[in-house]
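Only one structure is covered here, and it is reproduced in the block below.
The values are calculated or read from the model by the stated rules, or taken from the named source; none is laboratory data. All values derive from a computational prediction rather than experimental measurement. So basically every Cβ, Gly included, is an ideal-geometry build from the backbone, and we count neighbours across all protein chains shown. The accessibility values were calculated without ligands, DNA or RNA, using every heavy atom of the protein model including side chains. Shrake-Rupley method; radii C 1.70, N 1.55, O 1.52, S 1.80 Å.
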Amino acid sequence: MMTTLGMPTRHPSAPPSPDGHLLHPIVRKLSTYAHLDAGERAALAGLSAGGQRVEGRSDLLVEGAAPDCAVLVVEGIACRYRHRPNGARQITAYLLPGDLCDPDVVHLSRMTHSVGTIGPCRIVRIPREALADLTERHPGIARALRHAKLAEEETTREWVMNVGCRSAIERVSHLLCELHERLRIVGWATKAGYDLPLTQQDVADTTGLSNVHVNRVLRQLRLMRLVEVGGKRVDILDLPGLRAVAEFQPDYLRPTSAESIPG
């Protein structure tokens, strides 16, 4: 049985920007999509201040409810998910440090999915008025959020490809590679691996596999000396080899450049 993986660990060598704001995960993430000036970085870093601790397996947004705020994940991991009437769950996205769910909340009349924490998280709830004001006053932030939204849509298409036509070992390998790359970007992973509070059932609910099948795949990856999952950690033993099995190409996580969309 797969053990629970722990809280993401910040990369100790993640460099700060000259103004000291780049260490905030949302600043690190959005800086990969668009140039942010010092004022915009400071405004984003201000969003990360404070917040609230939320226990694992807690709902942040509930399907059917009318949302009145966006949720910024500062620490930990959350997910978007839906339940079938029979109780089966499908995880449709992971929200990692620096992810803002959902920046388009100002346009939603009701949630069509739920958002819940996987492990303990620190989050910030941003009222729709504050988010609208932020993007209006800071065009660089608005542009970066638009780029991030395109990356999210590309990621959804990649997940459809994963479930639709990849083998079990390719699905799980691809998920592990994607989480590694996304956590690395925001300074919460090293080349050697990362901590993450996923259970075997979470992986199954993400990849469309059974719990037993996920267990077999993880054992196979360990025997291939590609990755070790356990002890609240994902230890990557052979990243090029794991990427080769997954056919992982990270370009979909950054599909645009800072100049590709007019502000």
Criterion violated by LYS232 - all others in (1) open to solvent by less than 70 Å² (accessible area, probe 1.4 Å); (2) under 21 Å from the mean Cα position of the chain (by Cα); (3) not small (Gly, Ala, Ser) satisfied: (1)
Those residues of region 202-227 which are open to solvent by 40 Å² or more (accessible area, probe 1.4 Å), of a type in the set (A, V, I, L, M, F, W, C) and part of a helix (DSSP H, G or I), in sequence order: VAL212, LEU223
Selected residue (criterion: farthest from the chain's Cα centre (by Cα)) from residues of region 131-141 that are over 12 Å from LEU100 (Cβ atoms) and not acidic (Asp, Glu): ARG137
Hits in region 23-38 - residues which are open to solvent by less than 40 Å² (accessible area, probe 1.4 Å) and farther than 19 Å from THR256 by Cα: PRO25
Evaluation of GLU178 against (1) open to solvent by less than 20 Å² (accessible area, probe 1.4 Å); (2) within 21 Å of SER48 (Cα to Cα); (3) touching a helix residue (DSSP H, G or I) at 6+ places or on another chain (Cβ under 8 Å) (one fails), failing number: (2)
Total residues in region 141-165, condition without any contact (Cβ under 8 Å) to a residue 60 or more places away in the chain and of a type outside the set (Asp, Glu): 7
Qualifying helices (runs of 4 or more DSSP H) (wholly inside region 23-140; at least 1 residues being small (Gly, Ala, Ser) and without any contact (Cβ under 8 Å) to a residue 60 or more places away in the chain): 38-48, 128-137
Pairs where the first residue, in region 237-250, is free of Cβ contacts under 8 Å to residues at least 60 places away in the same chain and the second is exposed (fewer than 13 other Cβ atoms within 10 Å of the Cβ), C-beta under 6 Å, 6+ apart: LEU237/ARG225
Answer from THR135, THR117 - the residue that is polar (S, T, N, Q), touching a Gly at 6+ places or on another chain (Cβ under 8 Å) and open to solvent by less than 50 Å² (accessible area, probe 1.4 Å): THR117
Single condition GLY193 does not satisfy, out of (1) on the phi < 0 side of the Ramachandran plot; (2) among the small types (Gly, Ala, Ser); (3) at pLDDT 95 or above; (4) out of contact with any Gly (no Cβ under 8 Å at 6 or more places or on another chain): (1)
